[in-house]
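Note sheet for the following structure.
The values are calculated or read from the model by the stated rules, or taken from the named source; none is laboratory data. What you see is a predicted model, and the numbers here were worked out from it, not measured in a lab. Every residue, glycine among them, receives a Cβ derived from its backbone with ideal geometry; neighbour counts consider all protein chains shown. Surface areas here come from the heavy atoms of the whole protein model, side chains and all, with no ligands, DNA or RNA. Shrake-Rupley method; radii C 1.70, N 1.55, O 1.52, S 1.80 Å.
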Amino acid sequence: MEVRSRRPSERGSNETFSGEVWVDVLVGEGDYQRMRVILVRFAPGARTAWHSHPRGQTFYVLEGRGLAQARGGPVVEVRAGDVVHTPPGEEHWHGAAPDHFMAHIAMWEVDDEGRGAIWGAHVTDAEYRGQVGGG
Ligand code: MN
């Protein structure tokens, strides 16, 4: 048994996030499970890059206001209490609203090759503002 609250928060990688993002790993590699659980705190305007999850993902918005979009769909607002599910392979991004912080707990499983996410390009400002793609 191990008390995990003493693990340090980590900055989100510039390769997979835009803006200021802090990550706390709750269940990660080496924890004897396929499950992955992280707490992610996004500063206003911060967001993930485009990505998909081979086995899907669920995230629970703890506080603040955020934005999320699946490829080809509209940018949607998410708020505290929302539970968002993305099916396996669906390309998407998620992050804070332009003028609010947002924190969520993200949960997913790795596949047989140990992959939890397939990462793509950063979300451009035009995409973030909903000016391209979507409906
Ligand atoms: Mn995701």
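Which of the numbered conditions does residue 76 fail, given that it passes all the others? Conditions: (1) touching a residue at least 12 places away in the same chain (Cβ under 8 Å); (2) surrounded by 13 or more Cβ atoms within 10 Å (Cβ to Cβ). Status for residue 76: all satisfied but (1). Give me a count of the residues in region 55-65 that are within 12 Å of the ligand (Cβ to nearest atom) and among the hydroxyl-bearing types (Ser, Thr, Tyr). Summing the residues that are within 12 Å of the ligand (Cβ to nearest atom) and among the hydroxyl-bearing types (Ser, Thr, Tyr) in region 55-65 gives 1.
Per the conditions (1) open to solvent by 40 Å² or more (accessible area, probe 1.4 Å); (2) out of contact with any Pro (no Cβ under 9 Å at 6 or more places or on another chain); (3) under 23 Å from residue 131 (Cα atoms); (4) not aromatic (Phe, Trp, Tyr), the sole criterion not satisfied by residue 41 is (3).
Residue count for region 118-135 satisfying the condition of being surrounded by fewer than 17 Cβ atoms within 10 Å (Cβ to Cβ) and either part of a loop (DSSP other than H, G, I, E, B) or among the polar types (S, T, N, Q) (or both): 10.
Candidates are the residues of region 81-112 that are of a type outside the set (Asp, Glu), outside any strand (DSSP E or B) and away from the ligand (no atom under 14 Å from the Cβ); the one that is least open to solvent (accessible area, probe 1.4 Å) is 97. Criterion applied to 62, 26, 67 was being at pLDDT 95 or above, among the hydrophobic types (A, V, I, L, M, F, W, C) and open to solvent by 30 Å² or more (accessible area, probe 1.4 Å), and the one residue passing it is 62.
Determine, yes or no, whether residue 106 is in contact with a strand residue (DSSP E or B) (Cβ under 6 Å, 6 or more places away or on another chain), at pLDDT 95 or above and within 21 Å of residue 34 (Cβ to Cβ). It is true that residue 106 is in contact with a strand residue (DSSP E or B) (Cβ under 6 Å, 6 or more places away or on another chain), at pLDDT 95 or above and within 21 Å of residue 34 (Cβ to Cβ).
Within this structure, residue 3 fails the test of being within 15 Å of the ligand (Cβ to nearest atom) and either over 17 Å from residue 127 (Cβ atoms) or open to solvent by 80 Å² or more (accessible area, probe 1.4 Å) (or both). When you check residue 52 against the structure, is it within 13 Å of the ligand (Cβ to nearest atom), modelled with pLDDT of 95 or more and under 19 Å from residue 127 (Cβ atoms), yes or no? For residue 52, the condition - within 13 Å of the ligand (Cβ to nearest atom), modelled with pLDDT of 95 or more and under 19 Å from residue 127 (Cβ atoms) - is met.
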